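Novice: Below is one structure. I have some questions about it.
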Amino acid sequence: MRQIWGAILAVALAAPAWAAEPTGQELVAHIERLLWGKTNQGLAEMTVVTPRWTRTLELRFWMERPERTFIRILAPPKEAGIGSLRIKAEMWNYLPAVERTIKIPPSMMLQPWMGSDMTNDDLVKESSVVEDYTHTLVGTEEIEGAKAYRVESIPKPEAAVVWGKLVYKIRVTDRLPLAQEYYDERGELIKAMRFTETRRLGGREIPTRWTMQPVKKPQNKTVFLLKEISFDAPVDAEIFTLRNLQKVK
């Protein structure tokens with residue numbers, strides 16, 4: 001009998017930490033830590049596809065979550081030097097062609113960034129998703145042959161956020177994100193993000209291709225491809241300044 005109980009204990013200890021049913025809060029917090037960390041910095045490629053044209057931007061980014069974000073476009077030459085800076089609830093864009101810095105009001109956070117399907121809020125992450133929403137695990141569903149948790153996130157009454165609801169779809173086996181849906185205040189699905197091409201980057205297994213597609217424009221999409229990223233390293237405070245925003249090398 002002692003040997004049987006010993007075997008049961010060994011199996012229990014060997015089981016993954018998430019063998020027990022997680023909460024919605026735990027799942028969303030896990031995704032936020034996985035994809036963003038406390039800080040991150042890296043290089044990405046963003047391709048905007050429409051029925052009439054396709055454009056690819058290369059950009060470098062720095063984030064200190066959830067307070068500060070800086071993004072600089074590196075290529076193509078026509079857009080090179082354009083930058084975006086957020087410090088808490090304030091955001092600025094810099095346009096080197098006219099040497100002008102434009103402050104973005106909160107009412108413009110849902111506007112497209114650089115003509116993409118990503119909004120200003122998507123790119124700079126104005127809100128803290130974990131803190132500003134109530135997260136509920138509502139069940140599981142099948143996504144391309146994989147069982148996925150479905151978490152619905154509803155904004156708290158006092159939260160200054162731009163979405164009426166978020167839905168996360170997270171693979172059960174390894175808790176990697178598969179999709180995220182964005183709903184307006186009326187409960188209408190506006191757009192959806194798919195996460196694919198998982199590989200080791202920045203010391204962790206993460207999806208490196210993020211595809212955003214608007215519901216009402218199914219022929220449009222924006223593909224965000226991570227090329228380099230590092231997590232949780234200190235970021236120079238000088239990065240997050242208006243002086244640096246206006247400094248085009």
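Novice: I need the full set of residues from the range 37-63 which are of a type in the set (Lys, Arg) and under 17 Å from Ser116 (Cα atoms), in order please.
Specialist: Listed by number, the residues that qualify are Arg52, Arg55, Arg60.
Novice: Still on this model: Report, by residue number, each residue of the range 148-204 that is touching a residue at least 40 places away in the same chain (Cβ under 8 Å), in a strand (DSSP E or B) and not aromatic (Phe, Trp, Tyr).
Specialist: Listed by number, the residues that qualify are Val151, Glu152, Ser153, Ile170, Pro177, Lys191, Arg204.
Novice: While we're here: Name every residue in the range 1-32 that is open to solvent by 60 Å² or more (accessible area, probe 1.4 Å) and either at pLDDT 95 or above or closer than 14 Å to Ser153 by Cβ (or both), in order of residue number.
Specialist: Within the range 1-32, Thr23, Gln25, Glu26 qualify.
Novice: Now a separate question. When you look at Thr134, is it open to solvent by 50 Å² or more (accessible area, probe 1.4 Å) and more than 27 Å from Glu90 (Cα to Cα), yes or no? I'd like the intermediate steps shown before the answer.
Specialist: Numbers: open to solvent by 50 Å² or more (accessible area, probe 1.4 Å): yes; more than 27 Å from Glu90 (Cα to Cα): no.
So Thr134 fails the test.
The values are calculated or read from the model by the stated rules, or taken from the named source; none is laboratory data. Note that the coordinates shown come from a computational prediction; the quantities given were computed from them, not determined experimentally. Please note: Cβ atoms are built from the backbone with ideal geometry, for glycine as well, and neighbour counts cover all protein chains shown. The protein model used for the area step is the full one, side chains on, heavy atoms only, and it has no ligands, DNA or RNA in it. Shrake-Rupley method; radii C 1.70, N 1.55, O 1.52, S 1.80 Å.
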